[in-house]
Amino acid sequence: SDRFESPDYYQLDDLLTEEHKLVRSASREWVKREVSPVIEDYAQRAEFPKHLLGGLAEIGAFGPYIPEKYGGAGLDQISYGLIMQEIERGDSGIRSTASVQSSLVMYPIWKYGTEEQRKKYLPKLASGKFMGCFGLTEPDFGSNPAGMVTNFKDKGDHVLLNGAKLWISNAPFADIAIVWAKDEQERIHGLIVERGMEGFSTPETHHKWSLRASATGELIFDNVKVPKANILPGKSGLGAPLGCLDSARYGIAWGAVGAAMDCYDTALRYAKERVQFGKPIGATQLQQKKLAEMITEITKAQLLAWRLGVLRNEGKATTAQISMAKRNNVDIAIKIAREARQVLGGMGITGEYSIMRHMMNLESVITYEGTHDIHLLITGADITGFSAFK
Ligand code: TGC
Ligand code: FAD
């Protein structure tokens, strides 16, 4: 993948500014140089490449749209999307780390935190000196986070936190966790829980076949004393974590296009070079059908992501619009990965090529941040006015 060229079948680059293109090429060069050569090895060993954190911070992947006065890159939403696209071209697990840090940790501190909390945490998170994770999902409450049982009780200057979170990206090494928990009135609040607080542990989840280069774990709270100063006061209720998900899901809509582009690019090159029955397999109608459908779907997905970015820049994107793009773009990416795998025949199952790793990674991406089904039901509720969840 060091020869990777980004397909641009509809001249979408004309829709980008010089700054967008600069941001994209800086991210792309970094991914080519630092991620692509080592990522397969880390994925095979199921290890997170921690040494990449400094580089991610340098390309602006930690808080791309957070204002510069808090250490962020101060970029717009399209630049944020392009960074996610380029990172996920390398690996969805590395993009996960950036998504969580930016949209699920920095975003809530920026939007719902006090000025003191912003100053204390955001610059360290932007530089990668501090890493964060986001605890919403619980063992018994995944798609339905409103039912969560993790809770805290008021003890004067602090609260006592109890409960557990499951499937938490970055948990095993995170310095802080944004934890969503209910108060005594069953209202959901965000708390900043720090590693080292007594009763707080983060056991790692092993034996994943997907996102193997990303560290996933649990968050366990056994009477953890959390100072009241660590509660995010700006917003409570389920809408607070859902607002963070809007931002992360938007980034994933772009990221998935990156994984799809890498699969397409690899399959196209292979089809032109691989000869069977005396001619390149790319000269056969069946393989052309696969490749033609891939570039068609990538082009449609790029347009969805770009338009959604414009709407987000204008503050007009709805949650349902974001759901449509996340659902569609991850779905086309996983289908493209499966088809591209077949274009490579037996070679497609090896770690010599990135396709099978993308395909397995995307099995998590189609499930986390709202499953494929949940996003369809969000669209369904939006267009009919009837919520299938109730
Ligand atoms: P519902 O009744 O629809 O809403 C509850 C309250 O929230 C408000 N609200 C929002 N506010 C701000 N922004 C949004 N996007 C909002 N969406 C809803 C809403 O107005 C309401 O407010 P109020 O004042 O009336 O109470 O809630 P529901 O219980 O019916 O649930 C809706 C549903 C199912 C769509 C939601 O629960 C959902 O999206 N479930 C999926 C869960 C999910 O996505 N989990 C992701 C966990 S994090 C993760 O996976 C990270 S992966 C790592 C990586 O990113 O790489
Ligand atoms: P369930 O909710 O039990 O769903 C099981 C199946 O039932 C799904 O197919 C679902 O679509 C379907 N279903 C559920 N409800 C309905 C319905 N009403 N109608 C029809 N079908 C329905 N969470 C975090 O909080 N932070 C993280 O950092 C994080 N990282 C993750 C990393 C990985 C690798 C993975 C795999 C998950 C991560 N998650 C994280 C959790 C993720 O968000 C959840 O897995 C997801 O929301 C689904 O929840 P669940 O796994 O409990 O599945």
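Just so it is clear, none of the values below were taken in a lab; they were calculated from the coordinates. Given the structure is predicted, the values throughout are model-derived calculations rather than measurements. We place every Cβ from the backbone using ideal geometry, glycine too, and count neighbours over all the protein chains shown.
For this structure, a couple of remarks:
- Residues of the range 263-289 that turn out to be farther than 14 Å from residue 348 by Cβ, polar (S, T, N, Q) and out of contact with any strand residue (DSSP E or B) (no Cβ under 9 Å at 6 or more places or on another chain), as a count: 3
- Entry remark, the range 325-374: residues being within 16 Å of ligand 1 (Cβ to nearest atom), hydroxyl-bearing (Ser, Thr, Tyr) and in contact (Cβ under 8 Å) with a residue 60 or more places away in the chain number 3 in total.
A quick yes/no check of all residues on (1) out of contact with any His (no Cβ under 8 Å at 6 or more places or on another chain); (2) within 30 Å of residue 291 (Cα to Cα); (3) of a type in the set (Asp, Glu); (4) buried (at least 20 other Cβ atoms within 10 Å of the Cβ):
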position	(1), (2), (3), (4)
19	yes, no, yes, no
26	yes, yes, no, no
36	yes, yes, no, no
59	yes, no, no, yes
93	yes, yes, no, yes
96	yes, yes, no, yes
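- Annotation note: of 276, 342, 285, the sole residue that is touching a Gly at 6+ places or on another chain (Cβ under 7 Å) and surrounded by fewer than 20 Cβ atoms within 10 Å (Cβ to Cβ) is 342.
- Residue satisfying condition, being of a type outside the set (Lys, Arg), more than 10 Å from ligand 1 (Cβ to nearest atom), under 20 Å from the mean Cα position of the chain (by Cα) and surrounded by 24 or more Cβ atoms within 10 Å (Cβ to Cβ), within set 131, 106: 106
- Among the residues here, residue 335 does not qualify as within 16 Å of ligand 2 (Cβ to nearest atom) and either part of a helix (DSSP H, G or I) or more than 18 Å from residue 208 (Cβ to Cβ) (or both).
- Each residue in the range 140-163 was checked for being assigned to a loop (DSSP other than H, G, I, E, B) and within 20 Å of the chain's Cα centre (by Cα), and 3 of them qualify.
- Flag for residue 260 being among the hydrophobic types (A, V, I, L, M, F, W, C), within 13 Å of ligand 2 (Cβ to nearest atom) and either surrounded by 17 or more Cβ atoms within 10 Å (Cβ to Cβ) or farther than 30 Å from residue 343 by Cβ (or both): no
- Search result, residues across the range 206-234 that are touching a Gly at 6+ places or on another chain (Cβ under 6 Å), under 26 Å from residue 49 (Cα atoms) and either away from ligand 1 (no atom under 13 Å from the Cβ) or in a strand (DSSP E or B) (or both): 219
- Filter result (basic (Lys, Arg) and in a helix (DSSP H, G or I)) within the range 235-257: 249
- Residue, surrounded by the fewest Cβ atoms within 10 Å (Cβ to Cβ), within the range 164-190, restricted to residues that are aromatic (Phe, Trp, Tyr) and outside any loop (DSSP other than H, G, I, E, B): 167
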